[in-house]
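> Structure incoming, see below.
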Amino acid sequence: MKNVLLKIFTWWNGSTMGTDVFTSRKGVRVGEDEAGNTYYRTADGKRRWVIYNGPAEASAIPPGWHGWIHHRVDTPPTEETYVARAWQKPHRANQTGTPAAHRPQGSILSAGERPRVTGDYDAWTPGS
């Protein structure tokens, strides 16, 4: 029962019931990536979509599949020997809102002391 309710009311957990119905009627399975995400297209090839394995996070699509899903290339990685380039990094989950989030120098949340204000700035005071 819990899984049925999650399918009805959440879009971020895998796929919705509407997506499942559309996929079963019109979807042609193209392949799966190393993270378990499954890729589909329509018979005419005009529509392409992914059903995520877990939470829907667009950055979880690997570079080879990214080009195919966005119509940059016509051949999916399953039909060619795709090799990631040296500068293409493996997926890392979005760390925003977690203790591992990026905190630039001077951020209130970063460790250490905030740098002193330089001489080219004068703080505003009321009445001056």
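The values are calculated or read from the model by the stated rules, or taken from the named source; none is laboratory data. In this text, all values refer to a predicted model and were calculated from it rather than measured experimentally. Every residue, glycine among them, receives a Cβ derived from its backbone with ideal geometry; neighbour counts consider all protein chains shown.
> What's the total number of residues in region 65-102 that are at pLDDT 85 or above and within 19 Å of Gly36 (Cβ to Cβ)?
7
> Ok, one more. Under 9 Å between Cβ atoms, at least 6 apart or on separate chains: pull out the pairs that start in region 109-128 with a residue that is among the β-branched types (Val, Ile, Thr) and end on any residue that is at pLDDT 70 or above.
Going by the 9 Å Cβ cut-off, the qualifying pairs are Val117/Ala123.
> Sticking with this structure for a sec: Of all residues in region 54-111, which are more than 30 Å from Leu6 (Cβ to Cβ) and basic (Lys, Arg)?
Arg72, Arg85, Lys89, Arg103
> Could you check Leu6 against (1) surrounded by 13 or more Cβ atoms within 10 Å (Cβ to Cβ); (2) touching a Ser or Thr at 6+ places or on another chain (Cβ under 9 Å); (3) over 19 Å from Thr78 (Cβ atoms); (4) aliphatic (A, V, I, L, M) and say which number it fails?
(2)
> Given the criteria in contact (Cβ under 8 Å) with a residue 12 or more places away in the chain and part of a strand (DSSP E or B), does Trp49 qualify?
Yes, satisfied.
> Just checking, how many residues over region 11-40 are assigned to a loop (DSSP other than H, G, I, E, B), at pLDDT 90 or above and surrounded by 14 or more Cβ atoms within 10 Å (Cβ to Cβ)?
Count: 3.
> Those residues that are modelled with pLDDT of 75 or more and either within 32 Å of the chain's Cα centre (by Cα) or hydroxyl-bearing (Ser, Thr, Tyr) (or both), I need them from region 106-128; list them, please.
Selection gives Ser107, Ile108, Leu109, Thr125.
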